[in-house]
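Q: Questions regarding the structure given below will be posed in turn.
The values are calculated or read from the model by the stated rules, or taken from the named source; none is laboratory data. None of these values were measured; they are calculated from a predicted model. All Cβ positions, even for glycine, are placed from backbone atoms using ideal geometry, and neighbour counts span all protein chains on display. In case anyone asks, the SASA skips ligands and DNA or RNA and just uses the protein heavy atoms, side chains included. Shrake-Rupley method; radii C 1.70, N 1.55, O 1.52, S 1.80 Å.
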Amino acid sequence: MLQELAKKTFRSSLKWTVLQAVVGLLLTAFSARDAFYNIKNFHNFLPTNAFHGSSNRFFNKCFPIFLFALGIYFLCLAVYRLIKGARGGFLGKLKQDIKNSGYTKSAIESDYASAKLMDKWGVRLGRLMIYDTATAKVRAISTAKMLWAYTDIKVYQTKYGGELPVNALIIYAEGEAKEFHLVFSQEAHATQTLQLISEKFPWVVIGYSDNLKRLIKENPTEFMKLRYHTCEHIPL
């Protein structure tokens, strides 16, 4: 499982790595000559040819150096992401999630293999864990620690008059400081996943309300008394 996900996260991160490398190359190529000239002759506050239109001589000296440094930063960042992705470094959060769940590696491997794919973007529903592989930062949520789940369906208006739907499933889990946001390609897939969570994991509170949001924020212990501590954590 981890080898498969390492390859997937590497491919997912590659487009951003390439973009950072291209930006870095363009910035360094554009500013290198003026930057080196200004560094060598920094004591002479005369405008360079490339930036002679500015009335601020200090700005004329510093701006090419800044662009060159920014380009080097993007190149270093691209190399770092490339090495990190090749070594499976984007799986750090997933490995920590698995460790915190208390399950053995073989149990997780078996659970992932049998998990149901809920959406083409990579959300999988297993008996032990819910796996979110939609992005390079893969996460896994222990089903035994889930407290609350609800859908968050929104439609944003673009500046060109179009609509941008965001279909998310929000999950709160015990021991997690922040809620999980699982994003789906279709609203129906998010709704179906919530329905299966309701059927399989009876200790999870299902559905949103302002009162529930206030309770889990202000008094999580009382929230856990609603369902979490009222039944055995055995998936149905």
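Q: With a 1.4 Å probe and all protein chains left in place, how much of the accessible area of region 111-158 comes from carbon and sulfur atoms, in whole percent?
A: Roughly 54 percent of what the probe reaches on region 111-158 is carbon or sulfur.
Q: Given a cut-off of 26 Å, name the pairs among Lys154/Lys217; Lys120/Lys213; Lys7/Lys145; Lys84/Lys154; Lys145/Lys213; Lys93/Lys120 whose C-alpha atoms lie farther apart than that in the structure shown.
A: Pairs exceeding 26 Å: Lys120/Lys213; Lys7/Lys145; Lys84/Lys154.
Q: Nearest 10 degrees is fine. How inclined is helix 57-86 to the longest principal axis of the chain, computing both from alpha carbons?
A: 40
Q: Now for a different question. Assign one of three labels to region 100-236, namely rounded, prolate or oblate, based on the Cα gyration tensor with a ≥ b ≥ c the square roots of its eigenvalues; rounded applies when a/c is under 1.5, prolate when it is not and a/b is larger than b/c, and oblate otherwise.
A: oblate
Q: Ok, one more. Taking a ≥ b ≥ c as the square roots of the Cα gyration tensor eigenvalues, with a/c under 1.5 meaning rounded and otherwise prolate when a/b beats b/c, else oblate, which class fits region 164-236?
A: It is oblate, given that a/c is not under 1.5 and a/b is not larger than b/c.
Q: So what's the net charge close to Tyr150: Lys and Arg +1, Asp and Glu -1, counting the other residues with Cβ under 15 Å from its Cβ?
A: Here the charged neighbours net out to +1.
Q: Please compute the per residue accessible area over region 105-236 with all protein chains in place, 1.4 Å probe, rounded to a whole number of Å².
A: Here the per-residue accessible area is 55 Å².
Q: While we're looking at this one, here's another question. Order 16-25, 144-153, 180-189 from most to least packed using the mean count of other Cβ atoms within 10 Å.
A: 144-153, 180-189, 16-25
Q: Please work out the FRET efficiency for the pair Arg33 and Lys105, using the Cβ-Cβ distance as r and a Förster radius of 45 Å; give the result to the nearest 0.05.
A: The computed FRET efficiency comes out at 0.25.
Q: Here's something else I'd like to know. Just reorder Ile234, Ile197 by solvent-accessible area, largest first, 1.4 Å probe, all chains present.
A: Ile234, Ile197
Q: For the pair Ser209/Lys7, report the inter-label distance in nm, with labels modelled 7 Å from Cα in the Cβ direction.
A: Calculated label separation equals 4.8 nm.
Q: Could you give the angle, 0 to 90 degrees to the nearest 10, between helix 92-101's Cα long axis and the longest principal axis of the Cα atoms of the chain?
A: Roughly 20 degrees, rounded to the nearest 10.
Q: Once you have the Cα-Cα distance between Thr135 and Ile83, take 0.36 nm times their residue separation minus that, and quote the gain in nm to one decimal.
A: So the extension gain works out to 16.9 nm.
Q: Now for a different question. For Val22, what charge total do you get from the other residues with a beta carbon under 14 Å from its beta carbon, if Lys and Arg give +1 and Asp and Glu give -1?
A: Net of charged neighbours comes to +2.
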